[in-house]
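Remarks on the structure that follows.
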Amino acid sequence: MINVSKPSMGDAERQILDEVLESGWIGQGRKVFRFEDECKKELQSKYFIALSTCTKSIEVALVIAGCRPGDEVVVPSFTYASVIHVILKLGLVPVFADIEATDCNISVADVERRITPKTKVILPLHYRGRSCRIDAIQELAAAHRLKVIEDAAHAFGSYYKDAPVGSTSYMSCFSFGPLKNICCVEGGGIATNDEEVANRILTYRNMGMARSTWQRYNMENAKPWHYEVVAAGDKCTQNDVGASIGLAQMGRITEIRAKKKAMVERYLSELPLEKGMEIPFMDPKSDFAYIFSVLAAAPWREKLMAHLWDRGISTAVHYYPNHLQPWFAKYNNGKLPVTEDVGKRVITLPSYTDLLESDQSYVIDEVKKFMKQV
Ligand SMILES: Cc1ncc(COP(=O)(O)O)c(C=O)c1O
């Protein structure tokens, strides 16, 4: 079976993992802090705080932004369901915005239409690693005194107008989950340029304690056993095991980026664009692709996926629109025509770092064969 996605693990990961397992410290420690430094350098942000997942990072960001129950968060319906669960868990109201047909990123014009006096945050996604029009979103947010929290789960290492994606907003949340380009098994983190925000996140991730366990026992030796809870908090730290894998991956980022770029370029040049097949816009020079998606003509989406599955090729749907999910139906605020169209047509093709050229040829050939017969 050719998987739709697969982690890229090798000797570098094994070696650093051995080191951390032997070190006597596997919780949040030196490896996490080194991973944070590497992320900060890549993102050119003043601060980067590693957390347990991107889902938790979005939750923490909404809390730190001062959201209160009843506040509205404008978010694409075309996103990962965990984002909507987090909004609801905090008693906030998801207000779904449509996407643009060109690249399936959030529509700035539709965001503007959805802003009300209750809106507190705009939460855009950079779908597949291609940045949304974040400068226009930031302008809109500034005009309405709203906060921008970027869902950059797909976009670590991507660029927008020469700046790293996630380096310019109030807070940006990243994922280092099992299938992301840079993976910590599970992992997330928040980039910000605001010192006060960074300090609040640091305390929050550590159960509201002023000093972390590592600080108490390794850096500040006055009464290391003594701790004090001084603020609201949660337990959502990264650990040295996950961070060590992340560090090994960061050491390979140039190689991973090059492989992903070659994979995207090949799909872009060789996939057949006929009979209603489209590819949402991607620029392999700036977009560090997390996944590669196509839009099949609606009547053929399921048939094409079944055709590929029967021939040993696994595919996926990123995403079924959230406003059409039974659990979120209460928040369905009317038609989102582009989201609904794309939701019926989108297919993620195998697009992982170590996808073999021969396997990609087979995927492309099978898509072509199917297109010939429809
Ligand atoms: C768009 C989007 N947002 C948020 C997340 C959550 O990331 P995590 O799995 O690290 O919690 C994901 C996960 O893939 C995602 O695709």
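The values are calculated or read from the model by the stated rules, or taken from the named source; none is laboratory data. Since the model is a prediction, treat every value here as computed from it, not as a measurement. Virtual Cβ from ideal backbone geometry, glycine too; neighbours counted across all protein chains shown.
Assorted remarks:
- Residue check for E228: farther than 30 Å from V342 by Cβ, touching a residue at least 60 places away in the same chain (Cβ under 8 Å) and in contact with a strand residue (DSSP E or B) (Cβ under 9 Å, 6 or more places away or on another chain): no
- Residue-level check: of (1) surrounded by fewer than 23 Cβ atoms within 10 Å (Cβ to Cβ); (2) of a type in the set (D, E, K, R); (3) under 14 Å from the mean Cα position of the chain (by Cα), K223 misses just (3).
- Strands (runs of 3 or more DSSP E) contained entirely in the range 127-242, each with at least 2 residues that are closer than 15 Å to F288 by Cα: 171-175
- Condition broken by E302, with the remaining ones in (1) crowded, with 20+ Cβ neighbours inside 10 Å; (2) in a helix (DSSP H, G or I); (3) among the acidic types (D, E) satisfied: (1)
- Checked against the criterion of being within 17 Å of T168 (Cα to Cα) and without any contact (Cβ under 8 Å) to a residue 12 or more places away in the chain, the candidates K41, K46 yield just one match: K41.
- Index of the failed condition, Y267 passing every other in (1) within 23 Å of G157 (Cβ to Cβ); (2) within 16 Å of the ligand (Cβ to nearest atom); (3) among the aromatic types (F, W, Y): (2)
- Residue that is farthest from the chain's Cα centre (by Cα) [pool: residues in the range 87-117 that are surrounded by fewer than 24 Cβ atoms within 10 Å (Cβ to Cβ) and in a helix (DSSP H, G or I)]: R113
- Residue check for A191: small (G, A, S) and within 20 Å of the chain's Cα centre (by Cα): yes
- Selection within the range 158-183 - at positive phi and within 15 Å of the ligand (Cβ to nearest atom): G166
- Residue list for the range 167-182, restricted to those being touching a strand residue (DSSP E or B) at 6+ places or on another chain (Cβ under 9 Å) and under 19 Å from Q249 (Cα atoms): C173, F174, S175, F176, G177, K180, I182
- Flag: E150 matches the condition of being among the acidic types (D, E), in contact with a strand residue (DSSP E or B) (Cβ under 6 Å, 6 or more places away or on another chain) and in contact (Cβ under 8 Å) with a residue 12 or more places away in the chain.
- Test: residue in the range 336-343 that is more than 16 Å from the ligand (Cβ to nearest atom), at pLDDT 95 or above and part of a loop (DSSP other than H, G, I, E, B): yes
- Listed by first and then second residue, the pairs with beta-carbon distance under 8 Å, at least 6 apart or on different chains, first residue in the range 307-328 and surrounded by fewer than 20 Cβ atoms within 10 Å (Cβ to Cβ), second at pLDDT below 95 and among the small types (G, A, S), form an empty list.
- Filtered residues of the range 55-85 (kept if closer than 23 Å to T348 by Cβ, part of a helix (DSSP H, G or I) and touching an Asp or Glu at 6+ places or on another chain (Cβ under 8 Å)): I58, V83
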